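Data first, discussion second: the structure below is written as structure tokens.
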Amino acid sequence: MKKLLNDPANLVAESLRGVERAHPELRVDHENRIVYRADAPVSGKVGLLSGGGSGHEPAHAGFVGPGMLDAVCAGEVFTSPVPDQMTEATKKIDGGAGVLHLVWNYTGDVMNFDMAAELAAAETDTEVQAVVMNDDVAVEDSLFTAGRRGTGAAIAVEKIVGAAAEQGRSLSELADLARRVNDSSRSMGMALTSCTVPAKGSPTFDLPDDEIEIGIGIHGEPGRRRVPLASAHDIAEMLVDPILADRDFTGGEGVFVFVNGMGATPNLELYLMYNEIAALLDKAGIVPVRTLVGPYVTSLDMAGCLVSITRFDDEMLRLWDAPVATSGLRWGM
Amino acid sequence: MKKLLNDPANLVAESLRGVERAHPELRVDHENRIVYRADAPVSGKVGLLSGGGSGHEPAHAGFVGPGMLDAVCAGEVFTSPVPDQMTEATKKIDGGAGVLHLVWNYTGDVMNFDMAAELAAAETDTEVQAVVMNDDVAVEDSLFTAGRRGTGAAIAVEKIVGAAAEQGRSLSELADLARRVNDSSRSMGMALTSCTVPAKGSPTFDLPDDEIEIGIGIHGEPGRRRVPLASAHDIAEMLVDPILADRDFTGGEGVFVFVNGMGATPNLELYLMYNEIAALLDKAGIVPVRTLVGPYVTSLDMAGCLVSITRFDDEMLRLWDAPVATSGLRWGM
Amino acid sequence: MADVDTDTLQRWLRVFAASVAEHKDELTALDAAIGDADHGANMDRGMQAVVDGLAATPADPAALFKQTGMTLVKSVGGASGPLYGTLFLRMAPATGGAASLDPETFAKALRAGLEGVVARGKAEVGEKTMVDALTPALDALDAALGSGQSLADALRAASAAADEGRDGTTPIVARKGRASYLGERSAGHQDPGATSAALLVAAAATAVAEQGAA
Amino acid sequence: MADVDTDTLQRWLRVFAASVAEHKDELTALDAAIGDADHGANMDRGMQAVVDGLAATPADPAALFKQTGMTLVKSVGGASGPLYGTLFLRMAPATGGAASLDPETFAKALRAGLEGVVARGKAEVGEKTMVDALTPALDALDAALGSGQSLADALRAASAAADEGRDGTTPIVARKGRASYLGERSAGHQDPGATSAALLVAAAATAVAEQGAA
Ligand SMILES: Nc1ncnc2c1ncn2[C@@H]1O[C@H](COP(=O)(O)OP(=O)(O)O)[C@@H](O)[C@H]1O
Ligand SMILES: Nc1ncnc2c1ncn2[C@@H]1O[C@H](COP(=O)(O)OP(=O)(O)O)[C@@H](O)[C@H]1O
Ligand SMILES: [Mg+2]
Ligand SMILES: [Mg+2]
Ligand SMILES: [Mg+2]
Ligand SMILES: [Mg+2]
């Protein structure tokens, strides 16, 4: 394993020191591994909390700032943070209007956020609601399983709800909006290579030079199926077809298309993928109105990409365009 | 080789189609492989042109837009674009105040830009000046060699001169400013792994699991020397010490520190590197006032990082903070 | 045979921690195949923290379980943190505040812990999780105690049942946890959480047997 | 022996293009060791474009050289594009507009081309570039012609000298081009540009020998 680190056990802690030094507009609670806005809590505003395992940068700390999240909790690499972190973060960002937990749908994250909400209810009188994001069509949407993973939709959810929160909307309005954006989003990912979790020190899975994984998540886990290496054209179909089969994306204001790099895939290739994806959407009569191409929700050094599509209504479009100032997404301020 | 592409020979062309589709605020001249601002030429403004080989994304097209570059030319992967492209781009962005070529110091880029300037002088009456950016301390600064490579400094030069150009400054003022920012910048890079050039299909060099390259450029070329794999702490010293030995960075408004990922290195590790770098700067009495951490000037899927430090005076700081709207760097608009 | 005292319970935790440390790479390798390659690191981090806290351990089993559960919840994260944490947290009240636990109370506490795991994780037997090791283990424990066996013998039976339950996860297509994302591909791999759970039961058998021997 | 006509010059370009295509991977591998792994792709792209343009080639050598040079400048990029492009662009005026070139004029044109390369790239002999193959080649050509040898023989001598010059680049520590970034580490590797330049001279020898034979 070749990584820029000192001791794998300290990777997350030392990286958070770097985040603190590099971003005077953020604060870091090192004991609880919380990254939060320097101006938190914003009085009268609903606080937005998310987070998850580390190794997905810019997610999650890259989306903390005005117009997006108020705080995130950082877990170990690919490991959900723990309830204490979330409870502490909830307290830090409670400006009196309650706190919304935006939870990526993974068993660990959901259980830890659940426990945090229980703890917060016992320890404080902060009103907490949680919305679980689950957009990944590679996995069957079923009540009897862990359900779909939260992957690319989080960007749209966190950005749009973040903008709405700045307008002073109520906790339940924001929770409804978060659910609406999540429901309007579908995603599907693929891997060209595995990634290497620092604590393990070797690739999570072996992938021969002529095979790829289709239907991966964002934790370097193997995908739904393994297929022979294919052209970008064919891969685009393998990702877009199941997304379009799962939901109607026509109408509204058009769609937001997010082509996410998994970590080691150059933007040169991601734009080429977007070219293929846009052609497929064209054919289906679906109109992209906003796009985002680049590594935003990564799996360490995995090569591959994840496509996420959100149907925008006019409110979602307006809120997407509203100012945001985070290290990962920024415009208008 | 595993990449998201159809045919390596069409990679750049197809990727530029994706850039065009994803960015309505940009225009793409596919014949000449030029990416330029939709509002070019901006009347009365000096046009800023850069570019180089592909494979460095977000550089170069990611820095085209208000407040930064007016156009870039895209070459084949790691191959300088050709004079015709540059001449054509120069015409497209000439708003009557001349065009400044910001050239990354590589033999090929310099010669092609030279020929373009000669052609432009013969074919048009556009006033053209060129500034060569050469900030890489891994290479000896000598009149008798190809000299230092242009690496990380370009971000500061292009951003700062871009902001000054928006203010309507003259061509020679901007050329002077570009030289000043370049002279105030030094960089040093390292690789954990090689990258794979698509047309070649295999890694450019073999690097054993326990060795790293120090003093690399941005084209996947081997570095100045090969050393045993070291801790982030020691690597930070290997990069920062030669930078500080080469120039005085104290005084002024402090420094801009740019920790660039080479492509496959997670931001998690880059922030950890920044933590180490900031500690070294502290010790040297050097004060970071602005930072940028992430993959901005990549070498395809190479793992590693490049550290670039620019001493800011108050004008440079002000211009750095001015609004910019490109897909790679954006704030204030 | 004497009731289970806090010394034995501490030994249980130490033996489990040592066993997790020893099997850390194996647990991670199992998780790499059908998950995200962190179960060994997660459990090891958590059990180290538990052992580090033992010096300051208060005297009664309920307090020990509560502290263990809270430490696991605080330090593990992922799916296994809340699950193992809940297991111990739920054991605490089931002790009824006793200074040492008779076999039935110990078994009752473990059962309460398992119910906590099921309440938290909603997994049924046969979904390829730690529940598949814990459930047959506690069933075997109850049965053995019911038929008059000593706690040491009953835990040996429980450990054998846990191992069998763990082995039984291999052919299962997962419906809970990260492995469920793999669909059919999850079949043919042993569940990491069931593997660590079998170590937990084996550690109890070892610790109690040592108390018996001492 | 007849002067060099445009047929032969076209054959030169075709032989060179074929030879570059054949050695493409070798040129790229040499460039990977001390550069950026694109010299084979660059030269191949350029010479394919040159050959593709040959059908429409105007009649005289100057026009052919100019078109070749412009095509290379337009299609190659990198360092080799402007350098090989300049080489051919500078050969054009040195032909004096002749319909076919006598040996001295051909040699003079090549010399003008080399001077263009040096003016553009500022490399001296011994800096590990294509100049290290071209310079001894043209010196050998002049010397052989001066001593009365046929152009075919003289080009054979030039080709041998180019090969020798190419081989001589191996121990050199580069001072120009991308290899210079490697410092001492550039020693021990043959220069890719000197290698393609030796193919260019060898192609001329082949093409002229075939004209002589025809
Ligand atoms: N809903 C659940 N109920 C019970 N056990 C579960 C559940 N989900 C996951 N597990 C157990 O947790 C184990 C994985 O733990 P770990 O790898 O530490 O967490 P994560 O999956 O978050 O990375 C699985 O092998 C499984 O035994
Ligand atoms: N200044 C120079 N003068 C003459 N030849 C040069 C010079 N710089 C580089 N070269 C030649 O160009 C070759 C590299 O060409 P190529 O790989 O196509 O371009 P790049 O270096 O831009 O990738 C080198 O091997 C060398 O022979
Ligand atoms: Mg995990
Ligand atoms: Mg090149
Ligand atoms: Mg796991
Ligand atoms: Mg090259």
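Bear in mind that the values in this text are calculations on the coordinates, not laboratory data. None of the values given here were measured: they were computed from a predicted structure. Positions of Cβ are generated from backbone atoms using ideal geometry, with glycine treated the same way; all protein chains shown enter the neighbour counts.
Which whole-number percentage describes the relative contact order of chain A, with Cα contacts under 8 Å and a sequence gap of 6 or more?
Over chain A, the number comes to 18 percent.
Using Cβ contacts closer than 10 Å as the measure, can you line up A:LEU100, D:LEU27 from fewest to most?
In increasing order of surrounding Cβ atoms, one gets D:LEU27, A:LEU100.
Counting Lys +1, Arg +1, Asp -1, Glu -1, what net charge surrounds D:ALA99 among other residues with beta carbon under 9 Å of its beta carbon?
-3
Highest GNM mean-square fluctuation, chain A, Cα pairs closer than 10 Å: which of A:ALA22, A:ALA89, A:ALA154?
In this elastic network of chain A, the residue with the biggest mean-square fluctuation among A:ALA22, A:ALA89, A:ALA154 is A:ALA22.
Could you grab the relative contact order for chain C? Cα pairs under 8 Å, six or more apart, rounded to a whole percent.
23 percent
Obtain the nm distance between the two label points defined at A:SER202 and B:ASP246 by a simple spin-label model: each point lies 7 Å from its Cα along the Cα-to-C-beta direction.
With each label placed 7 Å out from Cα toward Cβ, I get 3.9 nm.
If neighbour count is taken as other Cβ atoms inside 10 Å, put B:LEU281, B:LEU329 in order from fewest to most.
B:LEU329, B:LEU281
Would you mind computing, in nm to one decimal, how far apart the modelled labels at C:THR170 and D:LYS122 are, each placed 7 Å from Cα along Cα→Cβ?
7.0 nm
Report the percentage of all Cα-Cα pairs in region B:185-312 whose separation exceeds 20 Å, rounded to a whole percent.
That tail contains 40 percent of the Cα-Cα pairs.
Which of rounded, prolate or oblate describes region D:78-142 when judged by the alpha-carbon gyration tensor and an a/c cut-off of 1.5?
Oblate shape, in that a/c is at least 1.5 and b/c is the bigger or equal ratio.
Where nothing but the Cβ of Lys and Arg (+1) and of Asp and Glu (-1) is charged, how large is the charge dipole of the protein assembly as shown around its Cα centre, in debye to the nearest 20?
960 debye
Which residue, chosen from D:PHE106, B:ASN134, D:LEU54, occupies the Cα position most advanced towards the positive end of the dipole of the protein assembly as shown, where the dipole is computed from +1 (Lys, Arg) and -1 (Asp, Glu) charges on Cβ about the Cα centre?
B:ASN134
Taking every pair of alpha-carbon atoms in chain C, give the share separated by more than 28 Å as a whole percent.
In whole percent, the share of Cα-Cα pairs in chain C beyond 28 Å is 20.
What are the semi-axes of the equivalent ellipsoid for chain A, taken as the square roots of 5 times the Cα gyration tensor eigenvalues, largest first, in whole Å?
30, 24, 17
Compute the normalised compactness of region C:109-214: alpha-carbon radius of gyration over 2.2 N^0.38 Å, N being the residue count.
The reported ratio for this selection is 1.11.
Let's see if you can work this out: charge +1 on each Lys and Arg Cβ, -1 on each Asp and Glu Cβ, no other charges. What is the dipole magnitude of region C:43-136 about its Cα centre, in debye to the nearest 20?
Computed charge dipole of region C:43-136: roughly 260 debye.
Quote the charge dipole size of region A:185-319 about the Cα centre in Debye, to the nearest 20; the model charges only the Cβ of Lys and Arg (+1) and of Asp and Glu (-1).
Taking the Cα centre of region A:185-319 as origin, the dipole is about 280 debye.
From the mean inverse distance of alpha carbon pairs (Kirkwood) and the Cα radius of gyration, derive Rg over Rh for region B:42-99.
Using only Cα positions, Rg/Rh for region B:42-99 is 0.99.
In nm, to one decimal, how far is the modelled label at B:ALA38 from the one at B:ARG225, with both set 7 Å along Cα→Cβ?
For the pair B:ALA38/B:ARG225, the computed spacing is 5.2 nm.
Anything over 18 Å Cα to Cα? Flag those among A:LYS200/B:LYS3; A:LYS45/A:LYS91; C:LYS24/C:LYS176; C:LYS66/C:LYS176; B:LYS3/B:LYS200, in the order listed.
As for pairs spanning more than 18 Å Cα to Cα, those are A:LYS200/B:LYS3; C:LYS24/C:LYS176; C:LYS66/C:LYS176.
Is the shape of region B:268-320 best called rounded, prolate or oblate, per the rule: a/c under 1.5 gives rounded, else a/b larger than b/c gives prolate, else oblate, with a ≥ b ≥ c the square roots of the Cα gyration tensor eigenvalues?
Since a/c reaches 1.5 but b/c is at least a/b, the shape of region B:268-320 is classed as oblate.
Would you be so kind as to identify which of C:ALA198, A:ASN6, B:GLY65 lies farthest towards the positive end of the dipole of the protein assembly as shown, taking Lys and Arg as +1 and Asp and Glu as -1 on Cβ and the Cα centre as origin?
After comparing all options, I get B:GLY65.
Taking a ≥ b ≥ c as the square roots of the Cα gyration tensor eigenvalues, with a/c under 1.5 meaning rounded and otherwise prolate when a/b beats b/c, else oblate, which class fits region B:12-183?
Rounded is the answer for region B:12-183, as its axis ratio a/c remains below 1.5.
What's the local net charge at C:ASP52, with K and R +1, D and E -1, over the other residues with C-beta under 14 Å away?
Charge balance near C:ASP52 sits at +2.
Restricting to Cα atoms and excluding each atom paired with itself, what does the Kirkwood estimate give for the protein assembly as shown in Å?
Across the protein assembly as shown, the inverse of the average 1/r is 31.3 Å.
Only Cα pairs within less than 10 Å get springs; with that Gaussian network setup on chain B, which residue of B:GLY51, B:GLY252, B:GLY263 has the largest fluctuation?
Most flexible of the set in this elastic network: B:GLY252.
Which residue, chosen from A:MET238, A:TRP320, A:GLY150, occupies the Cα position most advanced towards the positive end of the dipole of chain A, where the dipole is computed from +1 (Lys, Arg) and -1 (Asp, Glu) charges on Cβ about the Cα centre?
A:TRP320
Around A:VAL197, what is the net charge, scoring Lys/Arg as +1 and Asp/Glu as -1 over all other residues with Cβ under 12 Å from its Cβ?
After counting each charged neighbour, the total is -4.
Given contacts defined as C-alpha pairs under 8 Å and at least six residues apart, what's the relative contact order of region B:185-312, whole-number percent?
Normalised by residue count, the contact order of region B:185-312 is 36 percent.
What does a probe at D:GLU26 reach in region D:139-177, counting residues whose amide N is under 16 Å from the point 7 Å along Cα→Cβ?
D:159-170
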